[in-house]
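Worksheet: one structure, shown below.
The values are calculated or read from the model by the stated rules, or taken from the named source; none is laboratory data. Remember, predicted model here, so these are calculated numbers, not experimental data. With ideal geometry, Cβ positions are generated from the backbone for all residues, glycine too; neighbour counts draw on all protein chains shown. These area figures cover heavy atoms from the full protein model, side chains too; ligands, DNA and RNA do not enter into them. Shrake-Rupley method; radii C 1.70, N 1.55, O 1.52, S 1.80 Å.
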Amino acid sequence: MIDRSLFLAAVTLIVTGIVFSYSLSAYTVLLYNVPPYHFLLRQLVAGVAGIVLMWYIARQNPKKVVIWLGFTLLVVSAFLMVATPFLPEQIAREVGGAKRWIRLGPVSLAPVEFFKVGFVFFLAWSFSRRVIPKHAARSEDVRYTLKEELLLLLPYIIVFAAIMFIIAIFQNDLGQVVVLAATLLFMMIFAGSSIRIFGFSILVGGLALAAFVVTSPHRIERFKGWWFMLQNSVAKLFPQWAHAVPKVNLVEEPYQVSNSLHAIHHGGLFGVGLGNGVLKLGFLSEVHTDFVLAGMAEEIGVVGVGAVVMLLLFIIFRLLRIAGRVPNTIYYLYCSGLAMIIGFAFLINALGISGVIPLKGIAVPFLSYGGSQVVALSIGIGLALSMSKEANL
């Protein structure tokens, strides 16, 4: 039986995203001189397409649809990611110093959003055939050494290094790399890897992240802007002598996170009302995309955003519930990985707009404006719903 509660929760979030794509885009419509319903109509089309695809895939036999659809998403999206930087400007327009979207008439496609779902499926399929059987073949008293585990996981590390190079260098999108890296790490744990691999991966990942930051001028500036806002508060936690440590000095105070916090504060508990937000009127950039949670907080308040977050957590819970009750190891790992993709994307965005970590430019699942992420996640949830028919829910 299909997990209808998961389907209804996903549909509710998609509809919520459609509503706020209209409410929060008021200033952007004027800025780009487009029709008033420009963003609403585009998100509506993507949302309806996503819901239809989700329901259609959910009704299919998982044994017939999961393998071919998962590999199709992986191969096609990977090819498009590699090809995008080399496409002509008419098809792949450069934005922010990188080509991330393919434009086909009125439709813009972000291959990386579909790749994330395909990548999770690939890991689930491969881990179920290679990693889990080898861990299961050993007795509880005989464990892999760190070197043996690294050799077992080496092919995945090499594949991920190639993916990291394509996304972080060619597409200049470090945030997506962080989401995929965290998902890979937890899927390795779900597949039976030891806590030593977890710690080793955190260390290597931290060093790689630091290398990407220090070798990119714009990432250094973003990091400095983040630290500029935190340094005085952090200094209060240390003894007086620590105040003598040199501080970051910027000519202009970073306005994005500052205005994001103003929006959250202005909304209070119950918000100023749908459509009545002020910070979205040119003070908060990308409010309908990267800062959608801040814009929502101003209009529907902490209580309203809290309800939306609970709905998102419910989706993650249902995916993990399916994972825990389905007998097929591919389905178990896939649903777990999809839950991690959604959870880490939300977490990185929420921590970024609140100033806890540097901004990464990650969309909030289902809520941020952007048809690619809505359709891709709808396909991903559709596959999980198809698998749920074999789970004892």
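Note on the chain: helix-only mean residue ellipticity at 222 nm, from DSSP H runs of 4+ residues weighted -39500 (n - 2.57) and normalised by residue number, equals -23000 deg cm²/dmol. Expressed as a whole percentage, what fraction of the accessible surface of the stretch 1-117 belongs to carbon and sulfur atoms when a 1.4 Å probe is rolled over the protein heavy atoms? Whole-percent figure for carbon plus sulfur exposure: 71. Model label sites at Phe198 and Tyr255, defined 7 Å from Cα along the beta-carbon direction, differ in position by 4.3 nm. Solvent exposure of Ile157, expressed as accessible area, is near 80 Å², computed with a probe of 1.4 Å over the protein chains only.
If a spin label sat at a point 7 angstrom from the Cα of Ser216 along the line to its beta carbon, the backbone N atoms of the stretch 180-195 nearer than 19 Å would be those of 180-184. Remark on Arg103: its backbone amide H falls under 5 Å from those of Ala92, Arg93, Leu109, a criterion applied only to residues 5 or more positions apart or on other chains, H modelled at 1.01 Å from N.
Per residue, the accessible area of the chain comes to 48 Å², computed with a 1.4 Å probe over protein heavy atoms only.
Say R0 is 35 Å: what FRET efficiency, to the nearest 0.05, do Val309 and Leu393 get from their beta-carbon distance?
The pair Val309/Leu393 has a calculated efficiency of 0.90.
In terms of accessible area, using a 1.4 Å probe and ignoring ligands and nucleic acids, Arg318, Arg222 rank largest first as Arg222, Arg318. Can you find, among Leu30, Thr72, Ser372, the residue farthest towards the positive end of the dipole of the chain? Put +1 on the C-beta of Lys and Arg, -1 on that of Asp and Glu. In the chain, that residue is Thr72.
Each Lys and Arg adds +1 at its Cβ and each Asp and Glu adds -1 at its Cβ; summed about the Cα centre, the chain shows a dipole of about 900 debye.
Ranked by the mean number of other Cβ atoms within 10 Å per residue, highest first, peptides 118-124, 33-39 order as 118-124, 33-39. Protein-only accessible surface at a 1.4 angstrom probe places the residues Trp68, Trp55, Trp101 in the order Trp68, Trp101, Trp55, largest first.
Taking label positions 7 Å along the Cα-Cβ direction at both Leu274 and Val45, the computed distance is 2.4 nm, reported to one decimal. Ratio of Rg to Rh for the chain, alpha carbon only, Kirkwood? That ratio is 0.97, to two decimals.
Given their separation in residues at 0.36 nm each and the Cα-Cα distance between them, Leu53 and Phe165 gain 37.2 nm when the chain is fully extended.
Among rounded, prolate and oblate, which fits the stretch 146-213 when a ≥ b ≥ c are the square roots of the eigenvalues of its C-alpha gyration tensor, a/c under 1.5 means rounded, and a/b larger than b/c means prolate?
Details: a/c = 1.97, a/b = 1.81, b/c = 1.09.
It is prolate, given that a/c is not under 1.5 and a/b is the larger ratio.
Toward the positive end of the charge dipole of the chain, with +1 on the Cβ of Lys and Arg and -1 on the Cβ of Asp and Glu, the farthest Cα among Ile381, Tyr331, Gly277 is that of Tyr331. Total lysine pairs in the stretch 11-138 at Cα distances under 25 Å, for residues eight or more apart or on different chains: 4.
Pulled fully out, how much extra length does the chain show between Met1 and His265, if you take 0.36 nm times their separation in residues and subtract their Cα-Cα distance? Mind showing how you got there, number by number?
Details: separation 264, 0.36 × 264 = 95.04 nm, distance 4.37 nm.
Additional length available on full extension: 90.7 nm.
If you plug the beta carbon distance of Leu209 and Ile91 into 1/(1 + (r/R0)^6) with R0 = 35 Å, you get a FRET efficiency near 0.65. Where a ≥ b ≥ c are the square roots of the eigenvalues of the C-alpha gyration tensor, would you call the stretch 1-81 rounded, which needs a/c under 1.5, or, failing that, prolate if a/b is larger than b/c, or oblate? Oblate is the answer for the stretch 1-81, as a/c is 1.5 or above yet b/c matches or exceeds a/b. I need the shape label for the stretch 41-104. Rule: rounded when a/c is under 1.5, else prolate if a/b > b/c, else oblate, with a, b, c from the alpha carbon gyration tensor. Verdict is oblate for the stretch 41-104. Ranked from largest to smallest solvent-accessible area, with a 1.4 Å probe on the protein heavy atoms, Ile67, Ile348, Ile315 come out as Ile67, Ile348, Ile315.
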